[in-house]
Amino acid sequence: MTTSAALIYQLPETFTEASAKTVVDRLIYSTEAIEAVRLELDDLALHVTLTDERARAVVSRLIDELAAEVTGARLTAQRVIRRPAADRPTAVTGAAEPPGPPLAVPDRAAARTVLRRAYDLLFLDLGRAAGAVERSYPPMIRREEMDRCEYVETFPQNAYLVAELPHDRPRLEAVRSGAALVDNSRLSEYMLNPAQCFHTYAELARTRLTECRLLTMAGDCFRHEVPWRVGGHRLPAFSMREIVFLGTPDQVEKARDTLMDQVWQLFLELGFEGRLETATDPFYFSEDAAMRQFQLLAEVKYELVVEVSGGQSYAIGSFNNIRDSLCRKFGIVQPNGNPAHSGCTALGLDRWVEATLARYGENPERWPRQLLPFCR
């Protein structure tokens, strides 16, 4: 029988907050011998809970390696660009029920279902008002398409691959007889969607755009999470509404800014606390540090972060302008023949739901008025 153990690792005093958080972000995906990690910024100490005392030396060496990779690297800190004004109006709650039968919300699971549908309809209206056309994509996408995006190469820690049993009678008979699945399965040509928007590039491959194109889609997304982090707002399978925009550089930047302004205003009207800040994608390898720097300096990605009780905070939306990086790979061009630019507004439905329940509870009579017309 094994028991958990504690490890305290002192990071170099020269480390910045950005450096320390980079080590933590990589550490949690680097070994399965960890049950939890807490970073104390006051003294730059990592408090690590190990699955087994015997893992202490291995994990210590791993942190040494990650810290060495970060040491000397130029790491730009995230920058907050908006916070709610101190004198903003209070969200209106306690409004009458929407027309029709009373909402059936007998428990927290029902509340989550009603709120998830409400937010999806609310964000769908937002996309339609911007001129977005609806799309519906499957939960799997060909690995060939994702290889063009270099997703697995860049974010291997989050990829969910799919295994399948070959249509081969001897193997099927072996499985029926109890043979090990791993010995009789193979990797599928598909993987689970890490985001719905990747389908858009496959759909529009080799297209010459004559105008700015906006598409919106909602569906399930899948990202391999560390088991001890799963729960509440962080899920390995989650729902997301996305609005993708493709066109000239000016069109894409305008679309992103407009949607960001609208979502921020909605965020304030719903009475949430939080911030808009610069952000990066979850690059794992130190070789990709330059890409992280570029994203922060060029403000490629903004995240909307909600702050809930207990000092917890997490991103509930992102606003991205990825320039021509994916359109170039898929041959999507502007009217002048140059690679088109693209971006995406991604809104995590489950995270908006959790933030609402944390602030207002399960009773619809306490929910913000803006939500009630969509609670049907």
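Numbers at a glance
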| quantity | calculated |
| --- | --- |
| From the options D125, D168, residue that is under 26 Å from T216 (Cβ atoms) and surrounded by fewer than 16 Cβ atoms within 10 Å (Cβ to Cβ) | D125 |
| Close pairs from region 101-127: first at pLDDT 95 or above, partner open to solvent by 20 Å² or more (accessible area, probe 1.4 Å) and assigned to a helix (DSSP H, G or I), Cβ under 7 Å, at least 6 apart | A118/F374; L121/F374; L122/F374; L126/Q262 |
| Every residue from region 255-266 that is surrounded by 15 or more Cβ atoms within 10 Å (Cβ to Cβ) and without any contact (Cβ under 8 Å) to a residue 60 or more places away in the chain | none |
| Selection status of A315, farther than 25 Å from F245 by Cα and among the aliphatic types (A, V, I, L, M) | no |
| Single match in A163, A174, A205 (criterion: loosely packed, with under 14 Cβ neighbours inside 10 Å and more than 19 Å from A346 (Cα to Cα)) | A163 |
| Selection from region 7-22 of residues that are open to solvent by 70 Å² or more (accessible area, probe 1.4 Å) and not in a loop (DSSP other than H, G, I, E, B) | I8, Q10, E17, K21 |
| Boolean, R148 is open to solvent by 30 Å² or more (accessible area, probe 1.4 Å), touching a Ser or Thr at 6+ places or on another chain (Cβ under 8 Å), closer than 23 Å to N193 by Cα and not acidic (D, E) | no |
| Strands (runs of 3 or more DSSP E) fully within region 253-372 counting 2 or more residues that are within 22 Å of Q78 (Cβ to Cβ) and more than 15 Å from the chain's Cα centre (by Cα) | 273-279 |
| So T248, is it touching a His at 6+ places or on another chain (Cβ under 9 Å), under 17 Å from N321 (Cα atoms) and open to solvent by 30 Å² or more (accessible area, probe 1.4 Å) | yes |
| Meets criteria (of a type in the set (D, E, K, R), within 26 Å of D281 (Cβ to Cβ) and assigned to a loop (DSSP other than H, G, I, E, B)) for R38 | no |
| Any hit, region 223-243, residues being touching a residue at least 40 places away in the same chain (Cβ under 8 Å), more than 30 Å from V37 (Cβ to Cβ) and among the hydroxyl-bearing types (S, T, Y) | no |
| Verdict on P89 being of a type outside the set (D, E, K, R) and part of a helix (DSSP H, G or I) | no |
| Contacts under 7 angstrom Cβ, first residue in region 186-213 being under 16 Å from T248 (Cα atoms), partner at pLDDT below 95 and of a type outside the set (A, V, I, L, M, F, W, C), 6 or more apart | R208/P335; L209/P335; T210/P335 |
| Of all residues in region 128-139 being open to solvent by 70 Å² or more (accessible area, probe 1.4 Å) and aliphatic (A, V, I, L, M), the one that is nearest to I316 (Cα to Cα) | A129 |
| Conditions (1) open to solvent by 30 Å² or more (accessible area, probe 1.4 Å); (2) of a type outside the set (F, W, Y); (3) at pLDDT 90 or above; number of the one not met by P89 | (3) |
| Test: N320 is in contact with a helix residue (DSSP H, G or I) (Cβ under 8 Å, 6 or more places away or on another chain), modelled with pLDDT of 95 or more and open to solvent by 10 Å² or more (accessible area, probe 1.4 Å) | yes |
| Residue in region 303-312 that is among the small types (G, A, S) and either buried (at least 19 other Cβ atoms within 10 Å of the Cβ) or in contact (Cβ under 8 Å) with a residue 60 or more places away in the chain (or both) present | no |
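The values are calculated or read from the model by the stated rules, or taken from the named source; none is laboratory data. Remember, it's a predicted structure, so these values are computed and weren't measured experimentally. Heads up, the Cβs are rebuilt from the backbone with ideal geometry, glycines too, and the neighbour counts pull from every protein chain shown. Quick note on the areas: whole protein, heavy atoms, side chains included, nothing else; ligands and nucleic acids left out. Shrake-Rupley method; radii C 1.70, N 1.55, O 1.52, S 1.80 Å.
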